[in-house]
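The values are calculated or read from the model by the stated rules, or taken from the named source; none is laboratory data. Treat the numbers as computed from the prediction; the structure is a model and nothing was measured. Cβ placement follows ideal geometry from the backbone for every residue including glycine, while neighbour counts extend to all protein chains displayed.
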Amino acid sequence: MPKPSITNFQKFCSLFLCLGFFQIAFAQKDYVSFEKVENAFSLNSVTLFVDSEDHEGVHLVAKDLQKDFKKVTGSEPKISSEEINGEYPVIIGTIGKSKLIDKLISSAKLDVSKIEGKWENFLIEVVKNPSPGVEKALVITGSDKRGTIFGMYDLSEKMGVSPWHWWADVPVKKSEELYVKPGSYSAGTPKVKYRGIFINDEEPGLGNWAREKFGGINSKMYEQVFKLILRLKGNYLWPAMWGKAFNEDDPKNPVLADKYGIVMGTSHHEPMVRAQKEWGTHREDYGNGEWDYQTNEKGLKQFWKDGFERNQDYENLVTIGMRGDGDEPMTEGTAIELLENIVKDQRDIIANVTGKPAEETPQVWALYKEVQDYYDQGMRVPDDVTLLLADDNWGNIRKLPDPEDEPREGGYGIYYHFDYVGGPRNYKWLNTTQIERVWEQMNLAYQYDATELWVVNVGDLKPMEFPISFFLDFAWDPEAIDANELQDYSKDWAKKQFGDEYTSEIGEILDTYTKYNSRRKPEMLSPETYSLINYNEAENVVKDYNELVEKAEEINNRLPAEYKDAYFQLVLFPVKASANLNELYVATAKNRLYAEQGRAIANSYAEKVEELYKKDSELTEAYHNISDGKWNHMMSQNHIGYTYWQQPKEQVMPEVKTIEVPEKPEMGVAIEGSKESWPASNEDARLPEFTSVTDQKSYVEIFNKGKKEFDFKIKKKDKWIKVSDESGLISDQKRLSVSIDWNKVPKGRSTGNLSIQQGGNSVKIEVPINNINTKNVKGFVESDKYIAMEAANYSEKGNDEQGWTLVPNLGKTAATMTAFAETPTHKELSKDNPYLEYDFHNFSTGEMNIEFLLSPTLDFQNQGGLRFAYSIDDGKPKIINMHKDTDDDWGTSVGNNITRVISELNLEEKGNHTLKIWAIDSGMAIQKIIIRKGEIGNSYLGPPGSKTVK
């Protein structure tokens, strides 16, 4: 069910009654001080007291806390199970499992009423006179095992030990002064019950790494995974599964997971706690016959019974249902009756093995891919089973609960992806996930009450450190991070890894590189992705990436040596590797175009491609050599040379062209907006139109087709045309900047000319202009037949009670406006709907197109498509259905990370107008709007935002 609306009076009462809780929650962020505070508890010489009868996982994590103290303070505290004594005791324990804690409660020295009986709560508090002769003690107590563990790891993090200190070599800053401030501290109850990751597609990267470092993907490796999940306040894991069997490969795996309190699950196609690998090929006595319930019911039942019996004493979230062997559909079409019988039989097995009703064992049914069709066509499972809804493998949620449905006891969850193997193409090399997109989609999940389970496919785990942190932090409390706080999150995360000095700069780099990488997955890049001729797109992409590399390198040069390995993993490598790959494909595109045009420099670009291809391997090798080779193999995913959805067996350099270059020089000319070259082309050479309001620049390139140099001169140029160089020497090529002196230009539209001469050769170029009177111009101004408006740059918001939310940084070029981010909404269009206004000024009239560039959100309510409406001036609004009114299929939308919707409009008059966009359905996310007359220059990112006049 959706979150109920709350009146202002209720909000006031809630704030008044719960003020103490809010103080706790706020203070929880900074309860450790690195300088002395009055009445604070010193952490510099402590003893850790843990009851011998407490959970074994509590004892294991207490040892981690002991080591963390040594990392920070330089001294390792003693761990004791004796009576409390000493000057600075730290008492650790679980309510009901620790005599030390229970004694404090019974003597009224510790009030646990706020956490007792709740899921995964902890309390950190300084207690006076915990035992005779002891003035005060720091108490870390949990409502359950994980609550206590979270409390210990929370203290570690507040002391300065990053959750990524092992997995990313984040150093720990020593501190001579360390105190806990007076007060009580808690993080409350997590809003999402089960929160975890799925290690997947783990070959060759993580697999080869684990075999080299641990002898396999075994309990030694998983212990580090368990600790990471717990340090991030997660509690759930789907283990690596391709050719792996968590419970059989190393029998210590499930035992250790249970000790640490990790809830284990199996992936969407591995029912009843059995790995796919266990069927048929793993052990001879397992998995006899076909993976087909119609022909091998007896064999499958026994297989599932044996597996469930093996794991019944551990904390599991049991996957039920069935898909085909090898992550394929079970049958053609939907065999609902068959799957219903399978679920019934599986639940009978659970009840028979446990001796308890099946509903007392947590279960999950994953509605992944074709399985959702079963649900949509009416199949249901018992109410206690969690329905695990899924995204489309590309970060777009396919289905969310209907707010009108009765709540389910088992609730709903989400299976999400940061990594994927499948169509339209694998993506598993680098992090391409914007936390802003995770926020936008998982916020929808939270608003629609899919809060029982969130699990995300993280591939090799590295290099997804940043989005993993965000996913698990957001799962703990989605209400704690607003859209306008996302950039603060990036900075705060950077601070936790690298300290205070470069927090803003590193946070900005994280936001920027993930924005650039999300535009198109690295595996989907090609020489054709970015335009070489329109809007300087390809060159700007390379320039922006390389400027980001410079910023990242500059910080790296200033960082203390101990931070450099962590910084390389978390920041510098993804930035440099991404920049290099994008430049590789742009260089390839230039090589091919220049070869067609006969430019001598084409051969230099062929060499450039080879250099960049080699650099990719060198960057990978550098990654594998950091931290004394600790991460060898981890970045070995092939990512260059894709020809279809599956990865190439080997990296393949893009094909380049070389040409024969004569000795004799020969001039060629190319211009912005065309792949033609002159004098070879029979077409007129005509630059894009210049408009006085935008005062843009364009370019002409003069290139050499031969080896020897030549001189050029600009001739027959109108006096109002400015060229950066009017003569010069060309060895390979030179770009000339063309602009307009608007003080010398006639009013209205006209066309000027300039000629470029080399010896007896001449190329004439037309220069069209539009010199307008800006006195009455308002809003975005048309230039070169288009008006481009970033959605975030609206003129006005109206009727906006939780209607439109700006999500900063989300999208391909700027930010995104998303509809009804705070409340689940499916309504009809009315004048009271929230709207956005955009003022614009057009010169073109008549039939025009308006394009909406939208985030590729899916029809998650299966209501026939997500809708919005637009109107011009006071005209009748036109309703647009983003899923019906687009020519983009799903593969195009997710590959481009945009859904493009085109509508027709008629502007009868030139001048000032107002575009209104009306919100109708939740989930609409608008990035850019383009109004155009006819076709405009093709580009991947769309034309840059038009200039505005206020």
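Pairs under 7 Å by beta carbon, first residue within 23 Å of residue 735 (Cβ to Cβ) in region 652-668, partner of a type in the set (Asp, Glu) and loosely packed, with under 15 Cβ neighbours inside 10 Å, six or more apart or different chains?
Filtered contacts from region 652-668: 665/709.
Within region 893-905, take every residue that is farther than 18 Å from residue 847 by Cα and free of Cβ contacts under 8 Å to residues at least 60 places away in the same chain and give me the one that is surrounded by the fewest Cβ atoms within 10 Å (Cβ to Cβ).
Restricting to residues being farther than 18 Å from residue 847 by Cα and free of Cβ contacts under 8 Å to residues at least 60 places away in the same chain, the top hit is 900.
Just one of (1) in contact with a strand residue (DSSP E or B) (Cβ under 9 Å, 6 or more places away or on another chain); (2) part of a loop (DSSP other than H, G, I, E, B); (3) closer than 29 Å to residue 255 by Cα; (4) of a type outside the set (Gly, Ala, Ser) trips up residue 330, so point out which.
Exception for residue 330: condition (3).
Which residue, of 500, 477, is among the acidic types (Asp, Glu), free of Cβ contacts under 8 Å to residues at least 12 places away in the same chain and farther than 30 Å from residue 636 by Cβ?
500
Among the candidates 319, 334, single out the residue that is in contact (Cβ under 8 Å) with a residue 24 or more places away in the chain, surrounded by 15 or more Cβ atoms within 10 Å (Cβ to Cβ), farther than 25 Å from residue 359 by Cβ and β-branched (Val, Ile, Thr).
334
Against the condition assigned to a loop (DSSP other than H, G, I, E, B), hydrophobic (A, V, I, L, M, F, W, C) and surrounded by 16 or more Cβ atoms within 10 Å (Cβ to Cβ), how does residue 915 come out, does it pass?
No.
With the requirement that a residue be part of a helix (DSSP H, G or I), of a type in the set (S, T, N, Q) and closer than 26 Å to residue 646 by Cα, what does region 501-558 give you?
514, 517, 518
It is to be established whether one or more residues within region 874-882 are free of Cβ contacts under 8 Å to residues at least 40 places away in the same chain, under 30 Å from residue 393 (Cβ atoms) and buried (at least 21 other Cβ atoms within 10 Å of the Cβ).
Looking for residues that are free of Cβ contacts under 8 Å to residues at least 40 places away in the same chain, under 30 Å from residue 393 (Cβ atoms) and buried (at least 21 other Cβ atoms within 10 Å of the Cβ), one finds at least one in region 874-882, hence yes.
Tally up the residues in region 343-353 that are β-branched (Val, Ile, Thr) and either closer than 23 Å to residue 453 by Cα or at pLDDT below 95 (or both), please.
Final tally of qualifying residues: 2.
Among the residues of region 125-158, which ones are farther than 16 Å from residue 230 by Cβ and either aliphatic (A, V, I, L, M) or within 25 Å of the chain's Cα centre (by Cα) (or both)?
Of everything in region 125-158, those that are farther than 16 Å from residue 230 by Cβ and either aliphatic (A, V, I, L, M) or within 25 Å of the chain's Cα centre (by Cα) (or both) turn out to be 126, 127, 134, 137, 138, 139.
When residues of region 189-234 are filtered for being buried (at least 17 other Cβ atoms within 10 Å of the Cβ), more than 27 Å from residue 638 (Cα to Cα) and not aliphatic (A, V, I, L, M), how many remain?
11
Please determine, by comparing only the residues of region 404-430 that are in contact with a strand residue (DSSP E or B) (Cβ under 8 Å, 6 or more places away or on another chain) and not in a strand (DSSP E or B), which one is nearest to residue 362 (Cα to Cα).
Step by step, filter region 404-430, then rank; the result is 410.
State yes or no: is residue 368 surrounded by fewer than 22 Cβ atoms within 10 Å (Cβ to Cβ) and not in a loop (DSSP other than H, G, I, E, B)?
Against the criterion (surrounded by fewer than 22 Cβ atoms within 10 Å (Cβ to Cβ) and not in a loop (DSSP other than H, G, I, E, B)), residue 368 does not qualify.
Residue-wise test of (1) closer than 23 Å to residue 191 by Cβ; (2) out of contact with any Lys or Arg (no Cβ under 6 Å at 6 or more places or on another chain); (3) buried (at least 24 other Cβ atoms within 10 Å of the Cβ); (4) in contact (Cβ under 8 Å) with a residue 24 or more places away in the chain.
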| position | (1), (2), (3), (4) |
| --- | --- |
| 464 | yes, yes, no, yes |
| 472 | yes, no, yes, yes |
| 483 | yes, yes, no, yes |
| 486 | yes, yes, no, yes |
| 511 | no, yes, no, yes |
| 519 | no, no, no, yes |
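Of the conditions (1) crowded, with 19+ Cβ neighbours inside 10 Å; (2) under 22 Å from the mean Cα position of the chain (by Cα); (3) assigned to a loop (DSSP other than H, G, I, E, B), residue 381 fails just one. Which one is it?
(2)
Which of the following residues is within 34 Å of the chain's Cα centre (by Cα) and either outside the structural domain of residue 397 (by TED's automatic domain parsing) or modelled with pLDDT under 95 (or both): 896, 906, 912?
None of the others qualify; the one that does is 896.
Please pick out the residue among 451, 433 that is farther than 30 Å from residue 581 by Cα, part of a loop (DSSP other than H, G, I, E, B), among the hydroxyl-bearing types (Ser, Thr, Tyr) and modelled with pLDDT of 95 or more.
451
Go through region 224-276 and report how many residues are more than 16 Å from residue 460 (Cα to Cα) and assigned to a loop (DSSP other than H, G, I, E, B).
Counting residues in region 224-276 that are more than 16 Å from residue 460 (Cα to Cα) and assigned to a loop (DSSP other than H, G, I, E, B) gives 19.
Filter region 548-585 down to residues that are surrounded by fewer than 22 Cβ atoms within 10 Å (Cβ to Cβ), of a type in the set (Lys, Arg) and under 21 Å from the mean Cα position of the chain (by Cα), then give me how many there are.
The number of residues fulfilling the criteria is 0.
How about region 396-412: which of its residues are within 25 Å of residue 865 (Cβ to Cβ) and at pLDDT 95 or above?
Across region 396-412, the qualifying residues are 396, 397, 398, 399, 400, 401, 412.
Residue check: is residue 890 of a type in the set (Phe, Trp, Tyr) and buried (at least 17 other Cβ atoms within 10 Å of the Cβ)?
Against the criterion (of a type in the set (Phe, Trp, Tyr) and buried (at least 17 other Cβ atoms within 10 Å of the Cβ)), residue 890 does not qualify.
Take residues that are of a type outside the set (A, V, I, L, M) and in contact (Cβ under 8 Å) with a residue 40 or more places away in the chain and tell me which of the strands (runs of 3 or more DSSP E) falling wholly in region 690-808 contain 1 or more.
698-704, 710-715, 733-740, 748-758, 761-771, 779-781, 786-790, 796-798, 804-807
Output the number of residues of region 694-707 satisfying the condition of being buried (at least 21 other Cβ atoms within 10 Å of the Cβ) and either in contact with a Lys or Arg (Cβ under 6 Å, 6 or more places away or on another chain) or within 28 Å of residue 750 (Cα to Cα) (or both).
Residues meeting the conditions: 3.
Given the conditions (1) surrounded by fewer than 20 Cβ atoms within 10 Å (Cβ to Cβ); (2) in a helix (DSSP H, G or I), and given that residue 661 satisfies all but one, which numbered condition is not satisfied?
If we test residue 661 against (1) surrounded by fewer than 20 Cβ atoms within 10 Å (Cβ to Cβ); (2) in a helix (DSSP H, G or I), just (2) comes out false.
Residues being over 30 Å from residue 691 (Cα atoms), part of a strand (DSSP E or B) and not aliphatic (A, V, I, L, M): count how many of those fall in region 836-879.
Counting residues in region 836-879 that are over 30 Å from residue 691 (Cα atoms), part of a strand (DSSP E or B) and not aliphatic (A, V, I, L, M) gives 3.
Which number in (1) surrounded by fewer than 21 Cβ atoms within 10 Å (Cβ to Cβ); (2) on the phi > 0 side of the Ramachandran plot marks the one condition that residue 395 misses?
(1)
I need the full set of residues from region 602-635 which are of a type in the set (A, V, I, L, M, F, W, C) and either in contact with a Pro (Cβ under 9 Å, 6 or more places away or on another chain) or farther than 24 Å from residue 458 by Cβ (or both), in order please.
Once the filter is applied, which keeps residues that are of a type in the set (A, V, I, L, M, F, W, C) and either in contact with a Pro (Cβ under 9 Å, 6 or more places away or on another chain) or farther than 24 Å from residue 458 by Cβ (or both), region 602-635 yields 602, 606, 609, 612, 634, 635.
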